[in-house]
Every structure is written in structure tokens, then in C-alpha cells.
Amino acid sequence: MNVSDIASRPDSPGNEFAAFELLASAILVVDEDGLIRYANAPAEDLFEVSVRQLYAVQVCDLFQNGAQLQMSLKEANQHVFADKRQMLVIDRLGREPVQVAATVVALYNQAWPALIELREIEQQLKIDREERLLEQAQSNRELLRNLAHEIKNPLGGLRGAAQLLESELSDPALTEYTQVIIQEADRLQTLVDRLLAPHRAPRIVGDVNIHEVCERVRSLVLAEYPRGLNIVRDYDASVPEFRGDKSQLIQAVLNVVRNAAEALAERIAAGDAEIILRTRVARQITLAKQRFKLALELHVVDNGPGIPQELLDRIFHPLVSGREGGSGLGLTLAQTFVQQHEGLIECDSRPGLTDFKLLLPLP
């Protein structure tokens, strides 16, 4: 059932509620008896039933603490408040109950006296976390770009001065010191180039098949780790192609998979290391405050020791690494490349299972 089906009924809300289909939160419109007269698509997802099944259901029966909602609806009918917030718990057959933040809105001078907006607490926390990640990534990019430019010019002068000094030295033993300066300057130059890489190279946009990206990454990583590492494919063949920069996405996925392989050093030595590349299609996803009907979920899952809790919230920060000798740029650059495609990388980790999830909007 869609909005036009509901609107065609003489006893149902009209097209004025069609805009609710564009919202990320679940919307229910109820009559004076508490019967549902309209529900949007996110409400279907939340309750895991169709709109047709929700229609004319007593809304309070959907919640464990329905009596609390019933009192709010009564007050809305009496225009005691404009809107009221409360916590409700949804009963789901055979599943764990889910807690939601509910806002009951009184509709004045309308045939339908109340509207209920529902949002999962976990979903709200997820949206807040994504917003923080995006803001943090933007700040990091600006900081790194400015820092790299500030380092680059004096670094070139330092290297040039060392080369001139070396040419004037008559004692070969002293050139050992100038070589140290030149080599360290080159190392820093390489680091600066990596910091500036996402902002320098022009994007080459074309049709991207995510499974071709995964296969390329898989072959590259297995060439580095020919023994002791198993990379499992778990692909959803229904994932459509999308527009993007294939080389950037290969680099982003490669950085994540290589990071997982490095974390699996002990298990690779033992011969039981495993990385899973899993693709799925997700629906009704919010990325960067924009709602997408379809999105790609690419999971990179490993059976390594997990990321220390004190690092988990900072792994996408530049120069933060949990590995000795790591540059701390791999995940930062991966996040940058994915965000340039309007996507995001998230991470969930515990001992024995680390899951990096790359989210990308689909057409």
C-alpha cells in the first residue's frame, strides 16, 4: 500500500501527509479512538509489517507501555499540549523489544487529532555519531591540508641545503650525516604527499561494480599474504552499479582490508586468519543528513584481536595507529575517499570480531 491508496479512502488522511514519506522517522496519524489512519514507509520498517496491516490498528496495542501513550493521546484530543515526548517500548513477535523515542503532536483544526513520531534510540545515537564523524573528518581534512602545505616548503629547502652542504664536504665520513638529513626529508615528503593525495588527484567518475573492486583488493592482499589468510566472499549479486571513482574506492577498500590483515598477524602465523568481504543492499539510510532509498553496505569482517576500546573512537583520526610503525593514515584516507562519494565508514569491534562497514548511496 502507498500514500495514494490511503488518500483515496473517504475516511483516511489526504495528500497533505504525503510529505511524511520523505522522512527518516516513523510517522503515525491516529483518530480520536487511537486507531491508525496513516503510516509512512519508515513505520513499516520499524514495526516490520506492511501499512495495510497497520491500518485501523489500535496504536496503543503496539507498545508494552501503551497505557502511557493512551493518556498522551487523550490529552492531545483535549489540546492539553502542542507536543509531548516520551519513551515507548515496541513489542515484536519473536524478537527483542525495541525502545523508541516518541513525540505525540496535537493536530489543531484537523480531522485527525494526533500525530506520533517514532525514532529508535539506537538509530538516533547512530545518526548523532555519524554527524560527529562527518564534522570531525571535515576538521581533520582542513587541518591536514594546512599542515601539509606548511611543512612542504621548508622541507624542500632543508633537503636542498643538505645536498649543497654534501657537495662541499671533503671528508666522506661527514656525508653520512647529510644523507640522514636527505633521507628523513624524503620520508617526510612522502608523508606530506600522502596527506595531500585525496585533494590533488582529479576524480575520474564512471560506472563502478563494487564486486570488481572487492576482487581487485582480494587479489592484491592475498598476493601479500599467500599463506595463513583466507578471504571469504559473501556477495549480494543484486547490488547495482553506481557512479564513482573506481581507483579511489579500490584504495579505500584496500586500506581497510590491509589494516585488517596487519591486525591478524598472529592468526596468519597460526594459519586460521579470516577476512570476510560481505555486500548487502540497505534501505532508507541517512548519510550526511541526506536520506537515500538505497545504499550499499560493504562489510570487512576479521577474526582478529579487536581494536582497543581507547582507540575505537579515534581510529579515523590522522596519525592514530594501534600498530607499531604504522603511519596512522590508511583509515583516515579511506574515510576521506568514501566521504567524497557521499558515504561513510563505521566500525564495530570486540575481541575475535571487527567489522568495518562502508556505506555508499546507490541510484
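In order along segment 222-235, phi translates into HN-Hα couplings of 5, 5, 7, 10, x, 10, x, 10, 10, 9, 8, 8, 9, 9 Hz, rounded to whole numbers, per the Karplus curve 6.51 cos²θ - 1.76 cosθ + 1.60 with θ = phi - 60° and x for Gly and Pro. Amide H contacts of Ile231 (H built 1.01 Å from N, in plane; Pro and chain starts excluded): Ile275 sit under 5 Å, all sequence-distant by 5 or more or on other chains.
Sparsely packed loop sites in segment 18-100 (the trypsin sites (Lys or Arg not before Pro) outside DSSP H, G, I, E and B with at most 10 other Cβ atoms within 10 Å) comprise Arg95. Taking all Cα-Cα distances within segment 205-361, those exceeding 19 Å account for 52%.
Gain on full extension, evaluated as 0.36 nm per residue between Glu212 and Asp234 minus their Cα-Cα distance, stands at 6.6 nm. One chain, two ends: Thr103 and Asp83. Fully extended at 0.36 nm per residue, the span grows by 6.5 nm beyond their Cα-Cα distance.
Give me D for segment 3-121 in µm² s⁻¹, whole number, from Stokes-Einstein with Rh from the Kirkwood sum over alpha-carbon pairs, 37 °C and 0.692 mPa s. Show your work: numbers first, answer last.
On the way: Rh = 14.2 Å.
The Stokes-Einstein estimate is 231 µm²/s.
Each residue of segment 247-253 is assigned a 3J(HN,Hα), and the resulting list reads 5, 5, 5, 4, 5, 4, 5 Hz, derived from the Karplus form 6.51 cos²θ - 1.76 cosθ + 1.60 (θ = phi - 60°), x at Gly and Pro. In order along segment 300-313, phi translates into HN-Hα couplings of 10, 10, 10, 9, x, x, x, 9, x, 4, 6, 9, 4, 7 Hz, rounded to whole numbers, per the Karplus curve 6.51 cos²θ - 1.76 cosθ + 1.60 with θ = phi - 60° and x for Gly and Pro. Database remark: amide H of Ala26 closer than 5 angstrom to the amide H of Leu118 (H placed geometrically; neighbours at sequence offset of 5 or more, or on other chains; Pro and chain starts carry no H). For Leu107, the amide hydrogen comes within under 5 Å of the amide hydrogens of Ala114, Leu115, counting only partners 5 or more places away or on other chains and with H modelled in the peptide plane. When all C-alpha to C-alpha distances in segment 28-89 are sorted into bins of 5 Å, what percent of pairs does each bin hold, rounded to whole numbers? Computed distribution, short to long bins: 4, 18, 27, 28, 18, 5, 1.
None of the figures in this text is laboratory data; all of them are computed from the coordinates on show. Since this is a predicted model, take the numbers as computed values, not measurements. Cβ atoms come from the backbone with ideal geometry, glycine included; neighbour counts cover every protein chain shown.
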